[in-house]
Amino acid sequence: MNHPHSLEGRVAIVTGAARGIGLAIADDFIKAGAKHVICADILKEELACISGPGLSTVELDVCEEKAWQALVEKTLAEHGVIDILANNAGILSFGLIEDIKPDDFRRLMDVNVTGTFLGMQAVIPHMKAAGKGVIVNTSSASAMMPSNFVSAYAASKFAVRGLSRAAALELGPHGVRVNTVHPGGVNTPMTNPGNAPQEDIDKGFGFVPMQRGCQPEEIARGVTYLASDASSYCNGTELVIDGGMTTGVYFPGLPGSPM
C-alpha cells in the first residue's frame, strides 16, 4: 500500500458511490488500504459495474430510514465495525428562486440534507459505543459562496454544513470526528450529463484561479485525508477543494486578472 493517508484495515460506507465523486472516494479508500468499502447508491445499473477486491455494493435510497438501519445492521453483522461514513449522495438542480417548483425543492432537500442526516443518525450509536469513528459529509463550494441559478442546491449544502458543524460539537467528546468537504466545479456525470470534453468544461472556469474544473479524484483524496489518522485533530473542519473559486473575485481587465 503506497498512499499518504492510510486507511489500513478500516471498514467504510460511501453513499452516491455508483459514479462521480462517490466512486472516486471508494476507489481511493481501497488504494489507502481500507479493508472493505460498501458502495451504496440508488443507481442499479451503475452499481452493477462496480467490482474489485474489498468492494461490495448495496442499493440504497438515502431518504429511507429503514434502508439505512438495514445497511448498518448488515455491515456490523458482516464486519463488526463501521469506521467511516462518507455521506456523498446528492442531486443538483438549476433555476431561479421564483421558478423552482416546491416539490422539486423538497426532493432536493430530502436527498441532500435528510439523506445525510439519516446516514449520520444510523451510524452514530455504533461509533459512540466504539469511542471512535469518522463521518465526512460532502457539502459544496456553494455553501461557502452561493451563486445565482443554484439557490436550492446552495440552501441544501448550507444545511449540510450546519448539520455537520453541530454534529462535530456533539460527537467530538465521544471520539467521533465529523468534517465536511466542499468541492468546486467537478466534472461528473451529474454536472456534465452530455459528457463534454474536459477542455470545453475548463473554458467555463476562467473566473477560477486554477483556470480549470476539478476531477473527482482530487476531491476523493481530500475525503481520504479527512477519514484518515493524518487528520486526527480535524473536527468540524471544512475542507474547500475548489481551485480558489471562493477565494475572491477578479476585476476583469485589471493587472493580475486572467479575464
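No lab work stands behind these numbers, since they all come straight from the coordinates. Keep in mind the model is a prediction, meaning the values are calculated, not measured. Glycine also receives a Cβ, built like all others from the backbone with ideal geometry; neighbour counts cover every protein chain displayed.
Which distance in nm do the two modelled labels at Glu218 and Thr247 give, with both placed 7 Å along the Cα-to-Cβ direction?
For the pair Glu218/Thr247, the computed spacing is 1.2 nm.
Which ³J(HN,Hα) values, rounded to whole Hz and listed in residue order, are derived for region 32-40 from phi using the Karplus coefficients 6.51, -1.76 and 1.60 in 6.51 cos²θ - 1.76 cosθ + 1.60 with θ = phi - 60°, glycine and proline given as x?
Each residue's phi maps through the Karplus curve to give 7, x, 4, 5, 8, 10, 8, 8, 10 Hz.
For Thr247, Thr237, Thr224, what ranking results if the residue with the fewest other Cβ atoms within 10 Å of its Cβ goes first?
Final ranking by Cβ density, sparse to dense: Thr247, Thr237, Thr224.
So who's got an amide H within less than 5 Å of the one on Cys214, skipping anything under 5 residues away but keeping other chains? H placed 1.01 Å off N, in plane.
Gly185, Val186, Asn187
Among Val11, Val249, Val176, what is the fewest-to-most ranking by other Cβ atoms within 10 Å?
Val249, Val11, Val176
How large is the dipole of region 11-241 about the Cα centre if only Lys and Arg carry +1 and Asp and Glu carry -1, each at its Cβ, rounded to the nearest 20 debye?
540 debye
In whole Å and largest first, what semi-axes does the C-alpha gyration tensor of region 11-241 yield when each eigenvalue is scaled by 5 and square-rooted?
Listed largest to smallest, the semi-axes of region 11-241 are 27, 19, 18 Å.
Give me the net charge for the shell around Asn87: Cβ to Cβ below 15 angstrom, other residues only, Lys and Arg +1, Asp and Glu -1.
-3
What FRET efficiency, computed as 1/(1 + (r/R0)^6) with R0 = 45 Å and r the Cβ-Cβ distance, is obtained for Leu254 and Asp103, rounded to the nearest 0.05?
After rounding, the FRET efficiency stands at 0.50.
Relative to the first principal axis of the alpha-carbon coordinates of the chain, what is the inclination of helix 151-171, with its axis defined by its Cα atoms, in degrees from 0 to 90 and to the nearest 10?
On a 0 to 90 degree scale, this one is about 40.
What's the longest bit of the chain with no exposed GluC sites (Glu not before Pro), using DSSP loop states and at most 15 other Cβ atoms within 10 Å as the test?
Longest stretch, sites excluded: 65-259.
Over 24 Å between Cα atoms, which of Lys31/Lys132; Lys66/Lys128; Lys101/Lys203; Lys74/Lys132; Lys44/Lys132 qualify?
Violating the 24 Å Cα-Cα cut-off are Lys101/Lys203; Lys44/Lys132.
Taking the beta-carbon count within 10 Å as an exposure proxy, list Thr246, Thr180 from fewest neighbours to most.
Thr246, Thr180
Would you please give the FRET efficiency between His79 and His174, computed as 1/(1 + (r/R0)^6) with r the Cβ-Cβ distance and R0 = 30 Å, to the nearest 0.05?
In this case the efficiency is close to 0.90.
Mind listing the phi-derived Karplus ³J(HN,Hα) values for region 51-62, rounded to whole Hz, using 6.51, -1.76 and 1.60 with θ = phi - 60°, and x for any glycine or proline?
Per residue, the Karplus-derived 3J(HN,Hα) values read 7, x, x, x, 10, 9, 10, 8, 6, 9, 9, 5 Hz.
Only helical DSSP H runs with n ≥ 4 go in: add -39500 (n - 2.57) per run for the chain, normalise by residue count and round the 222 nm mean residue ellipticity to 500 deg cm²/dmol.
Result for the chain: -11000 deg cm²/dmol, rounded to the nearest 500.
Sort region 62-115 into rounded, prolate or oblate with this rule: let a ≥ b ≥ c be the square roots of the eigenvalues of the Cα gyration tensor; rounded if a/c is under 1.5, and if a/c is not under 1.5, prolate when a/b is larger than b/c, oblate otherwise.
Prolate shape, in that a/c is at least 1.5 and a/b is the bigger ratio.
Under 5 Å between amide H atoms, partner at least 5 residues away or on a different chain: which partners does Val240 have, H built in plane at 1.01 Å?
For Val240, the qualifying residues are His182.
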